[in-house]
1. For A56 and E29, FRET efficiency with R0 = 45 Å and r from the beta-carbon atoms, rounded to 0.05?
2. From the cross-link list K384/K406; K99/K266; K70/K464; K186/K406, which pairs have alpha carbons spaced over 31 Å apart?
3. Apply the Karplus parameterisation 6.51 cos²θ - 1.76 cosθ + 1.60, with θ equal to phi minus 60°, to every residue of region 32-44 and state each ³J(HN,Hα) to the nearest whole Hz, in sequence, with x for glycine and proline.
4. Residue by residue, what Karplus-based ³J(HN,Hα) values in Hz, rounded to whole numbers, does region 68-79 have, using 6.51, -1.76 and 1.60 with θ = phi - 60° and x for Gly and Pro?
5. For L162, enumerate residues with amide H under 5 Å from its amide H, sequence gap 5+ or separate chain, H modeled in the peptide plane.
6. Output ³J(HN,Hα) for region 277-287: one whole-Hz value per residue in order, computed from phi by the Karplus curve 6.51 cos²θ - 1.76 cosθ + 1.60 with θ = phi - 60°, and x for Gly and Pro.
7. Once amide H atoms are placed 1.01 Å from N in the peptide plane, what residues at a sequence separation of 5 or more from L411, or on another chain, have their amide H within under 5 Å of its amide H?
8. So, in nm, how far is label I38 from label K406 when the simple model puts each one 7 Å beyond its Cα toward the Cβ?
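Values in this text are rule-based calculations from the coordinates and carry no lab data. Given the structure is predicted, the values throughout are model-derived calculations rather than measurements. Here the Cβ positions follow ideal geometry from the backbone for every residue, glycine too, while neighbour counts run over all protein chains shown.
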Amino acid sequence: MAAVATKAFWSQPDPDDPLSQALQPPPNESPEDRAARIRQQEDAIRVSKEIDDEIAIAKRAYERRKKAIKILLLGQAESGKSTTLKNFQLAFSPQHFHKERSAWKTIIQLNLIRNIKRLLEVLQEEWESSLQTTTPASIAKGKGVAGRTPTSPGVRFSTSPLTDNHRRIRMRLSALLPIEDELMKKLLPDGAAAVKDVCVRAGSGWKGILTALSANTSTLGPVTPAKPQLQLVSAMKGGSNPSSRPGTADAAKFKDNPTAVLAACKDDIVTLWEDPIVRGVLKKHNVRLQDMPGFFLNDAGRVAAMSYEPTDDDIVRARVRTLGVEEHHFTMESGALPGTEWYIYDVGGSRSVRQHWIPYFDDVQAIIFLAPLAFNLTLEEDPKVNRLEDSITLWREVCTNALLAKTTLILFLNKMDILQATLASGIRVVKYVPSYGDQPNDITHVTKYFRDKFRGYHKRLSPKARPFYWHETSVIDTRSTAAILVGVREGILRAHLQSVNVI
């Protein structure tokens, strides 16, 4: 049999087999044709082996993925999903986390520029809302622009406490706005002008884009003229020379170098933010910039420095909105079962993208549901809908879903720091949630009230009984969140091992 096996299979063709006949070499085959045919056969064998190897690799990857732990982060927009993901990476996969530090530097700078942009918008609103026209009566009373008395009727003037110095600072800080536009075009080329937040599209490779940008701008020197802000504003607007125009080399250099522009504007940023008159204007317009996601104005002196390098806390606090579903794969570097592979899916929370959640429901071991106790706020995409009511509605849908009957649900009552500040400012829950009644307006009673609501829906609506896991969190607090995530990880691991009959 061995001797037969070593012969070419066409040496004894079966006259009744058409395929055998078709595979026979031509009767008058030349040596050159024979060599070409043999090369083709060898190439076919090689390609076939490559396909087999790829199938084997894909099969092993599929088996590894089946054994991996998969977590879905759910919650409305701005609930803290991406921040929770960063906390996971920082706590359990720090090497992976630190590799992305340079990309996050640019995001943090963008966050700061967004803070400044909003501050400048409020100042502009103040100037516009305080404009009046002089009348004989106002002239008689001496009312005019801060410190100056109008002398003739019909002159428009401002009654705002803001001064000409505030206007000059605002003009200089306007050099930051082209920076934002340029960076957003790089991050979201198809819709940079249509969004109000720092947004990235899932799967776009945005971290690689920003890492490369950071590497390029780090080689550019700082702006060091006597009046750097004036040089920047001039460059951004086309220069002081009448023949110059936007788009010059200097302007392009500045637009691609947020570090240099922020460093040049640092003193103005700090001066404007710490100005008590500006703080009064913000309070008058009921604007609390410190409640914005990605707020860095309190750290402007550090973030706007040429030598700035983001800390772990900075990266966790950084705000970026994900459009679409982003898959994050990393390996646990410490703790129980190091080397375990984890997949965490970060999905957009806006109402328009929630239909994309369902395909991920049947292949996850756990869902971390983030519900900020923002009882006094409304959704950005629908100001008529209370944020907390929307979270409870989403929670009910998740608890009811039959695909998630065996999935561990973990509730994060998030942004407890903001809840504490809201209650401390005197805002009463009963004004927004009449069913709260006359219970004490303190964090202990408020938290218990809403926690019991979530627990009740979990118990009544789950297809079958399952434990109720919940945590009070402020996910921008990396230390306390790390301690919570250790417990969450151990619980998920235990449930996963039980599901595969290991324990």
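1. The value I calculate is 0.80.
2. Checking Cα-Cα distances, K384/K406; K186/K406 exceed 31 Å.
3. For region 32-44, the Karplus-derived couplings read 5, 5, 5, 5, 5, 5, 5, 4, 4, 5, 5, 5, 4 Hz, x marking Gly and Pro.
4. Working through the residues one at a time gives 6, 9, 10, 10, 10, 8, 10, x, 5, 4, 6, 8 Hz.
5. The answer is none.
6. Computed from phi, the couplings for region 277-287 are 5, 5, 4, x, 5, 4, 5, 4, 8, 6, 10 Hz.
7. For L411, the qualifying residues are F369, Y469, W470, H471.
8. 5.6
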